[in-house]
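Peer 1: Input: one structure, supplied below.
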Amino acid sequence: MVDVAAVRAAIEKVEDPEIHRSLADLDMLRELEVSESGAVRVLVALTIPGCPLKDKLTADVTAAARSVPGVTDVAVEFTHMTDEERSRLVTKVRGEGREISFGKAGSRTRIITVASGKGGVGKSSVTANLGVALAQAGHSVGIIDADVWGFSIPKMLGIDRQPTVIDDTLLPPERHGVAVMSMDFFVTPDQAVIWRGPMLHKALEQFLADVHWGDPDYLLIDMPPGTGDVAISISQFLPRAEAIVVTTPQITAQRVAKRAGLMARKVNQDILGVVENMSWFTGDDGTRYRLFGEGGGELLARELEVPLLARIPLVTALREGADAGRPAVIADAGGEAAAAFAALAEEVENRKPKLRSHPELVIR
């Protein structure tokens, strides 16, 4: 005879793939039957009809039930929660009210903005690959694509579905172990985002307050180039954020990137360090070719008085991976770029933030 209590315990430990809480905690396991022959029938209540990850939940519940000795077959059926049940679930997951919890007492999340002075230096590629490298190292990771005009993170990570909406709460889609929120989910391909400061501020607030991020180890924010409205809003919402400044070896790019570092200092953010992207290209003969010059990253780090965290080589996998939704750390796991990002993730993890007060930012 199958131990019914063991089957229930195994299934209740399964996590909802979007909320990352157990079925028991979310009260999603509604019925369980086990026949004398060992056949199991399970009824699970989905948060919404047409849940996009129903197939994964089916596979996880099936695997959990089959882990119990004597189970011969598993049938997973679904219903969905009522409006009242969804409301209770949202309150349980997010608590009462609407607030930005990141950076407050009790939050374990390290917030890291990835900034540059100009476009075209590979800031988004660095953000995407660093996020996946941190996830590969065992950390829970979220990315906010705050470049509301030039959003690219969902494409780079291969995310092809919209966020799930439960009442007024958004559940960010995940790929390669990284949860993502981006303006890309809310505009059509032929639509331009033409917004001024107040609308940008409101959108970023919603990304932080209306999205269920859980309590990830890291929240990376892919910033737009420059030092404009988005940078100011992020510094107000997240005064304890750290910053990584991305540049290329080119001295001209370094001079512009310095302004992003100075902006971080102006708004009382700690600068974690500098990442030099496109540092070299390794030819078939093994020679490293410095296509964009050299020295820019080291000079910028010296001028900002911070460490040079990494030099990222220019490899085909970075470009191809960005187009195909497979970051270089996935597409070319044994390559030199993947090694550089793994080392960068280790550097980030080893450089814990300083404990210091952050005065309220006042922009005049």
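The values are calculated or read from the model by the stated rules, or taken from the named source; none is laboratory data. Small disclaimer: the values here were computed from a predicted structure and weren't measured. Please note: Cβ atoms are built from the backbone with ideal geometry, for glycine as well, and neighbour counts cover all protein chains shown.
Peer 1: Please specify each residue of the range 259-291 satisfying the condition of being on the phi > 0 side of the Ramachandran plot and free of Cβ contacts under 8 Å to residues at least 40 places away in the same chain. Reasoning before the result, please.
Peer 2: Looking only at the range 259-291, we keep the residues that are on the phi > 0 side of the Ramachandran plot, and these are 268, 273, 278, 286.
Within the range 259-291, just 286 meets the criteria.
Peer 1: Still on this structure, please answer the following. Could you list, in sequence order, the residues of the range 123-141 that are outside any helix (DSSP H, G or I) and surrounded by fewer than 24 Cβ atoms within 10 Å (Cβ to Cβ)? If you could, list the steps in order and put the result at the bottom.
Peer 2: As a first pass, look at the range 123-141 and keep what is outside any helix (DSSP H, G or I): 137-141.
Of everything in the range 123-141, those that are outside any helix (DSSP H, G or I) and surrounded by fewer than 24 Cβ atoms within 10 Å (Cβ to Cβ) turn out to be 137, 138, 139, 140.
Per-residue answers, yes or no, for (1) surrounded by 20 or more Cβ atoms within 10 Å (Cβ to Cβ); (2) more than 26 Å from the chain's Cα centre (by Cα); (3) not β-branched (Val, Ile, Thr):
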{"position": "224", "(1), (2), (3)": "yes, no, yes"}
{"position": "249", "(1), (2), (3)": "yes, yes, yes"}
{"position": "275", "(1), (2), (3)": "yes, no, no"}
{"position": "297", "(1), (2), (3)": "yes, no, yes"}
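Peer 1: Same structure, new question: Mind checking whether some residue in the range 99-109 is farther than 30 Å from residue 329 by Cβ and in contact with a helix residue (DSSP H, G or I) (Cβ under 9 Å, 6 or more places away or on another chain)? Working first, answer last.
Peer 2: First pass over the range 99-109, keeping only residues farther than 30 Å from residue 329 by Cβ: 99, 104-106.
Within this subset, residues satisfying the condition of being in contact with a helix residue (DSSP H, G or I) (Cβ under 9 Å, 6 or more places away or on another chain) are 99.
Taking every residue of the range 99-109 in turn, at least one turns out to be farther than 30 Å from residue 329 by Cβ and in contact with a helix residue (DSSP H, G or I) (Cβ under 9 Å, 6 or more places away or on another chain).
Peer 1: Let me ask something additional. Among the residues of the range 345-362, which ones are out of contact with any helix residue (DSSP H, G or I) (no Cβ under 6 Å at 6 or more places or on another chain) and either modelled with pLDDT of 85 or more or β-branched (Val, Ile, Thr) (or both)?
Peer 2: So the first thing to find is which residues in the range 345-362 are out of contact with any helix residue (DSSP H, G or I) (no Cβ under 6 Å at 6 or more places or on another chain), and the list is 346-360, 362.
Of everything in the range 345-362, those that are out of contact with any helix residue (DSSP H, G or I) (no Cβ under 6 Å at 6 or more places or on another chain) and either modelled with pLDDT of 85 or more or β-branched (Val, Ile, Thr) (or both) turn out to be 346, 347, 348, 349, 350, 351, 362.
Peer 1: Regarding the range 21-32, can at least one residue be identified that is assigned to a strand (DSSP E or B), of a type in the set (Lys, Arg) and surrounded by 14 or more Cβ atoms within 10 Å (Cβ to Cβ)?
Peer 2: The initial filter retains those residues of the range 21-32 that are assigned to a strand (DSSP E or B), namely 22, 29-32.
Next cut, of a type in the set (Lys, Arg) only: 30.
Now narrow it down to the ones that are surrounded by 14 or more Cβ atoms within 10 Å (Cβ to Cβ): 30.
Taking every residue of the range 21-32 in turn, at least one turns out to be assigned to a strand (DSSP E or B), of a type in the set (Lys, Arg) and surrounded by 14 or more Cβ atoms within 10 Å (Cβ to Cβ).
Peer 1: Among the numbered criteria (1) under 19 Å from residue 86 (Cα atoms); (2) within 25 Å of the chain's Cα centre (by Cα), which single criterion is violated by residue 13?
Peer 2: (1)
Peer 1: How about the range 277-306: which of its residues are within 19 Å of residue 226 (Cβ to Cβ) and assigned to a strand (DSSP E or B)?
Peer 2: 277, the sole residue that qualifies.
Peer 1: If I go through the range 143-160 residue by residue, how many of them are surrounded by fewer than 20 Cβ atoms within 10 Å (Cβ to Cβ) and closer than 19 Å to residue 131 by Cα? Spell out the reasoning first.
Peer 2: Our first condition is that a residue be surrounded by fewer than 20 Cβ atoms within 10 Å (Cβ to Cβ); within the range 143-160, this holds for 149-150, 152, 155, 158, 160.
If we keep only those that are closer than 19 Å to residue 131 by Cα as well, we get 150, 152, 155, 158, 160.
So the count comes out to 5.
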